[in-house]
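Heads up, the thing below is written out as structure tokens.
The values are calculated or read from the model by the stated rules, or taken from the named source; none is laboratory data. Just so it is clear, the model here is predicted, and its values are computed rather than measured. Cβ sites come from the backbone with ideal geometry, for glycine too, and all protein chains shown count toward neighbours.
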């Protein structure tokens, strides 16, 4: 990557860019949490629940967020009281609980995050479809690497 450094595309500059973007996303998430009386962990849980391809279980959420069972229960209690989620027992195995993100809560979050969506759309419009495919491929690869890192012993 020796030539890349001159153009500002080396590992360090990527790390800086990713940290800046992450810090801004975290700031927005903190604002949402503060405005709605939630913990930042609650917002992380909402994101995991929203992004799950099907209703998630509390144990899966515990694994995803690296929390204790008690912490997940407290988080889900807060989210349920705030009207963001509901817990539903599985019809076939009553021991299994699924967490559902309520449609009204989705609408509420969409309204709050609409300015972020507009900013994201503005940024997307600056790039060609081919460039966006490259960016998406990079983000997918980064997320894959982060999953490997999380799964490895001794990772933070």
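Of all the residues that make up region 100-134, how many are farther than 18 Å from residue 33 by Cβ and in contact (Cβ under 8 Å) with a residue 40 or more places away in the chain?
1
Could you give me the residue pairs with C-beta distances under 9 Å whose first residue belongs to region 20-38 and is without any contact (Cβ under 8 Å) to a residue 40 or more places away in the chain, whose second residue is in a loop (DSSP other than H, G, I, E, B) wherever it lies, and which are 6+ apart or on separate chains?
Final answer for the pair search is 33/39.
Being closer than 22 Å to residue 151 by Cα and in contact (Cβ under 8 Å) with a residue 12 or more places away in the chain is the filter here; which residues of region 67-80 pass it?
Passing the criteria: 67, 71, 72.
Examine region 85-106 for a residue that is within 17 Å of the chain's Cα centre (by Cα), surrounded by 10 or more Cβ atoms within 10 Å (Cβ to Cβ) and within 30 Å of residue 17 (Cα to Cα), and state whether such a residue exists.
Looking for residues that are within 17 Å of the chain's Cα centre (by Cα), surrounded by 10 or more Cβ atoms within 10 Å (Cβ to Cβ) and within 30 Å of residue 17 (Cα to Cα), one finds at least one in region 85-106, hence yes.
Take the conditions surrounded by 10 or more Cβ atoms within 10 Å (Cβ to Cβ), in contact with a strand residue (DSSP E or B) (Cβ under 6 Å, 6 or more places away or on another chain) and closer than 16 Å to residue 43 by Cα and apply them to residue 79. Does it pass?
Yes; evaluated as a whole, the condition is true for this residue.
Evaluate region 83-92: report whether one residue or more is assigned to a helix (DSSP H, G or I), modelled with pLDDT of 90 or more and out of contact with any strand residue (DSSP E or B) (no Cβ under 7 Å at 6 or more places or on another chain).
Scanning region 83-92, I find no residue that is assigned to a helix (DSSP H, G or I), modelled with pLDDT of 90 or more and out of contact with any strand residue (DSSP E or B) (no Cβ under 7 Å at 6 or more places or on another chain), so the answer is no.
Hey, could you check region 101-129 for residues that are outside any helix (DSSP H, G or I) and in contact with a helix residue (DSSP H, G or I) (Cβ under 8 Å, 6 or more places away or on another chain) and say which is nearest to residue 49 (Cα to Cα)?
Across region 101-129, the extreme among qualifying residues is 101.
Could you identify the single residue in 29, 45, 33, 52 that is under 16 Å from residue 86 (Cα atoms), surrounded by 12 or more Cβ atoms within 10 Å (Cβ to Cβ) and in contact with a helix residue (DSSP H, G or I) (Cβ under 6 Å, 6 or more places away or on another chain)?
Exactly one residue qualifies, and that residue is 45.
Only one residue in 16, 57, 22, 40 is over 19 Å from the mean Cα position of the chain (by Cα) and under 27 Å from residue 147 (Cα atoms). Which one?
16
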